[in-house]
Structure formats: C-alpha cells, structure tokens
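**Q** There's a structure below that I have some questions on.
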Amino acid sequence: MTTLLELAGISKAFGGAVALREVDFALEPGEIHGLVGENGAGKSTLMKIIAGVHSEYVGEMRLDGRIVRFASPRDALAAGIGMVHQELSAVRALSVAENVYMGVQPLNRLGLVDWRAMRHGAREHLDSLGIAVDPRTPMGALPLGLQQLVELSRVLFSGARIIILDEPTSALSPPEVERLFGVLRRLRDAGRSIIFISHFLDDVLAVCDRVTVFRNGRKVAVEACADVDKRWVIGRMIGAGHDELEESYLSDIPLQSPAEAPVVLALEGLGRAGAYRDVSLAVRGGEVLGIYGFLGAGQLELARTLFGALPPDRGRVLAGGRTLRLTSTSRARRAGMAFLPESRGMMLFAKEPVFKNMTISILERIHRLWLRPAAERAIAREHVERLRIRPPDPERPLGTLSGGNQQKVALAKWLTHLPRVLVLSEPTRGMDVGAKDDVVKIVRGLRERGIGIVVASTEPETVLSLADRIVVMKKGEVVREFADEPVSKDRLLAAA
C-alpha cells in the first residue's frame, strides 16, 4: 500500500528560532494518526506546512508519491487536505449555515445563493454529527464547543481526503467527544485519513491507530497506540527528570481549602435565563475554587457574569459585604475583578508585541500623562523571565508564540496590579502537560498572595490540578461540592 502523505527532512525556522529540525512524518490511507508534544514542540508548525499555511521550509513533502509544495491553504484544500485550527476561524456574525458552506455556497439558476438549499444541507451535515442547532442561528450566539463542532463539520464534509484536527476535543464534553470519535472512525473506515493533534492523551490513545511524539522540534517516537500507554507517551513528551510532573498528571488530587480565610466574593441565588440558576457559593482569599461541568452546564457563562460580560437576571454578587453591580466589564474591573476568557483571541492582539499585550490593561497606571514605552518593556521583561515565556523576547509578535506561552502572556496582564478576584475560564485549554504545569505554578503563586481565584472549566484535569475546592454544575445548577477530601477524575465525571 502506497503511503498517502510523506514528509522527509522537514526543517523550519522563524527568524532565529528553529521550530522544526529534520522531521520525518508519514500518514497512511484510512488511518487516524495522533500527534502529541509540549507547546512549542513543532506539531502545529508541521501541520501548517501540510495545510499550506507555511510554504517556505527545507525538506520534501510527497502526496500519493508525488512531490508537492502548497503556496496557500486553498492549494492544499484543492489537493484534498483540510485543517481545523485550535483558534477557530468561524465568522461570528454569520449564521451557522453560512459558516458550514463558507466559500462554497450553493447557487440557484439565477446565480444567486440558494439559501433554502444551504440551510437544508447544513442541517443534514450537523444532524450527522448529532448537533441539534438551527442553521439560521448566528455563529457568535453559540458556546465555543458548538462553534468548534460546526467548524469541524465544514472540513469533515468538504470532501478532504486528509483532515487535520488541532485540539478538536478541547471544548467538548465526554458525550460530545464520543460522538466525534464515532464520526472519525466512520471517516477512517471510508478511507479518509486524519491527523489528530491533542494534549488529551486519553483521547489520542482511544481513537488513534498510531501516535507520533514531538519534543523540541524533533520527532522522538512513533508507535501503534495499542502498544503504548499514557505513561509511555508522557515520558517521551517531557523527557527524563520530571517524575513529579508525571505523577501530578496521572494521579488523583487531595483537596484542602482555607476555611478560616475571609470571603472575598459571594454569590447568592444568582441566575441568568438560559444559562444558570440559583447559584450560591463563596470564594475565600487565597483559595482556588474550581467550577466544573460538561459543555453547556453553565460554568463558563457564570464566569463571564463575574466579569460583567453577562449580567445576571436575579440574585446578588457581594464583595467585602457590599453588593456589586456587575453590569459591565469596566464596573467589574473597578470592583477588583479580573478575567481570562476561554478564547485567547478575545483579549489578546496577535500582531502586537508581547510587551504591549502584557501592559494594555494597566496603561493608565503606567503612563498617567504621556506614553512611557520603557516602563512597559521593563515590566514585560520581568514577567517574561518570571513566567518562563518562550521565546524570551518582549518585542516578538504575540501570534508567533505557542498557545501555552500566549496564555502566560494573558496571565501576566494581571500580575503587576493584583486583582481581588481572578476568574479563569478554561485556563489550560489546548496546553500540553509542561505548559499546564507552568500555569499551575503561576496560579498557585497568585493564591499565596491572597487572591481569590475562580477556575471554570470543562476539563476535569484542569480543576483537579488547580483547585482547593470544587463545585460541579449540571444543566445550569450546582449539584455537588468536593472539599477537604481526595477527588478523582471519575468522581467528577460521575457528578457531572
């Protein structure tokens, strides 16, 4: 059987930073091939070469035995290669149907868009994935996980022979993940080939036929998934000398909350129609409260409420015993609230340098009457070193950093002038174990400085690694609390 896609000796550098070093990679017909590695290991760079995003590189790529080099994603798609990126490219102002048929809208006899046919076709595509969404719904009105599924449907039904999925399960609940896996297996059985990039190692081992491991821009291993386990994969991802990190990734977590610390934030009967209802909880200074649930459980909407982005319909939010009116993000910020949303693109500027992204939220405190770029750069250099941001260059455009390092930049925005309460929504989404460990250390450092921290996530690993206390939400309600006890991933999933 002829190898469908083969890359040999691929090297790629961005300025002085080498992203790939003489990498070989092969994809067989009818195969789901997992690709894992820490942030910055080179996975996404290699996939962007395959998908035509990067056309300048050293080495050779063969498709069906013929040498190819794509000048653009359009060229790659014409050759049967489609990619769904981690940072979604959906157009939020357009409808679901328009996003599914982006660039290939059906036309009627007059050459006009056939809206009825487009909505009917989109509904069929979405139904086959088990997605119950009205095709007329604006894309921006959907939760991030549903937006991800819609974008998946666009590529899955484009006719592409090779489908590249970058973190496809990062915003999905376990039932949605299983639904997606069923679709991928049917596509594989129909002869299509899939490259599955993920930091969820259980997902990789569950759905992939083979797994390739990257470290520091090199391919270090490739094996059949049936022949390896998660500990083997982690060992090759992070190398030797990381036993503590490996154990924290694989083991259950004991919870212990600071019961004597003062309450810095309290919710009383908080509700918002269609999102959550009757939520009452408290956050103490120096505590990390995890709020866990499947996609759509309400925890992500609750997190946005705490920063004034989704005002509640009923109930109260109190800080220091007084009621907060969180009717806007500016009010929330003045009340001492800080927020990191689940989508980094919502608060970062990819084309701007790292230092500007770090200082934008505190410009009025730095500049007063006139701009002081030197002060901005000094603050940024301190944070770059302290947070181990790589590459360690405050002048570098943010968009050239890996996802994990971009998240560190997002956290750094709130480190110069500390908030009273920090709300993190999916703070480790799309990160590898090493980058997650860095974020855990940053958050724990903020906790030690007395900040109350709320972590809202659909990832059990995230709340287990960060939280001192965990509440579980289901269908908009708090259904369980775990405190001062060991808790496992299985127990969280069962409660949700």
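Every number here is computed from the coordinates shown, using simple stated rules; none is lab data. Just so you know, these numbers come straight off a predicted model, no measurement behind them. Backbone-built Cβ (ideal geometry, glycine too); neighbour counts: all protein chains shown.
**Q** In the structure shown, do any of 48/351; 12/356; 43/408 have a Cα-Cα gap over 24 Å, and if so which?
**A** 12/356
**Q** Could you pull out the longest piece of the chain with no exposed loop GluC sites (Glu not before Pro) in it, calling a site exposed if DSSP puts it outside H, G, I, E, B and it has at most 11 other Cβ atoms within 10 Å?
**A** The longest such stretch corresponds to 57-259.
**Q** Something else: Suppose only helical runs count, i.e. DSSP H with n ≥ 4. What mean residue ellipticity at 222 nm does that imply for the chain under -39500 (n - 2.57) per run, divided by all residues and rounded to the nearest 500 deg cm²/dmol?
**A** -9500 deg cm²/dmol
**Q** Based only on other Cβ atoms within 10 Å, what is the fewest-to-most ordering of 57, 292, 101?
**A** Details: 57 21, 292 28, 101 24.
Going from sparsest to densest Cβ surroundings: 57, 101, 292.
**Q** Relative contact order (percent) for the range 5-246, with alpha-carbon contacts under 8 angstrom and 6 or more residues of separation? Don't skip to the end; give the middle numbers.
**A** Details: 446 pairs, mean separation 66.0, N = 242.
Relative contact order, the range 5-246: 27 percent.
**Q** For a footprinting-style exposure proxy, rank 493, 142 by other Cβ within 10 Å, fewest first.
**A** If I rank by nearby Cβ atoms, fewest first, I get 493, 142.
**Q** Stretch residue 331-residue 223 to full length: gain in nm at 0.36 nm per residue minus the Cα-Cα span?
**A** Gain on stretching residue 331 to residue 223: 33.6 nm.
**Q** Mind giving me the nanometre distance, one decimal, between the label points for residue 375 and residue 112, set 7 Å out from Cα along Cα→Cβ?
**A** For the pair residue 375/residue 112, the computed spacing is 5.9 nm.
**Q** Among the DSSP beta bridges whose two residues both lie in the chain, what percent are antiparallel, rounded to the nearest 5?
**A** So the antiparallel bridges amount to about 55 percent of the total.
**Q** Once R0 is set to 56 Å, what does the formula 1/(1 + (r/R0)^6) return for the Cβ-Cβ distance between residue 60 and residue 278, expressed as a FRET efficiency to the nearest 0.05?
**A** Result of the calculation: an efficiency of 0.40.
**Q** Ranking 189, 278 by Cβ neighbours within 10 Å, fewest first, what do you get?
**A** Neighbour counts put them in this order, fewest first: 189, 278.
**Q** Something else: Can you give the Kirkwood hydrodynamic radius for the range 364-496, in Å, rounded to one decimal and based on Cα pairs?
**A** The Cα-based Kirkwood calculation yields 16.6 Å.
**Q** Wrap a convex hull around the Cα atoms of the range 37-100, take a quarter of its surface area, and give that in square nanometres.
**A** Result: 5.9 nm².
**Q** Using a Förster radius of 25 Å, what is the FRET efficiency between residue 104 and residue 179 based on their Cβ-Cβ separation? Nearest 0.05, please.
**A** Between residue 104 and residue 179 the formula returns 0.55.
**Q** What are the principal axis extents of the Cα atoms in the range 5-246, in Å, biggest first?
**A** 61, 38, 34
**Q** OK, next. State the dimensionless ratio Rg/Rh of the range 1-73 (Rg: radius of gyration of Cα atoms; Rh: Kirkwood radius).
**A** Result for the range 1-73 is an Rg/Rh of 0.95.
**Q** For the chain, list log₁₀ I(q)/I(0) at each q in 0.07 Å⁻¹, using the Debye formula over Cα point scatterers of equal strength and ignoring solvent, two decimals each.
**A** -0.39
**Q** Any idea what the relative contact order of the chain is, in percent, if you count C-alpha pairs under 8 Å spaced at least 6 apart?
**A** 16 percent
**Q** Given Cα positions, please report Rg to Rh for the range 267-319, the hydrodynamic radius being the Kirkwood one.
**A** Ratio value, two decimals: 0.94.
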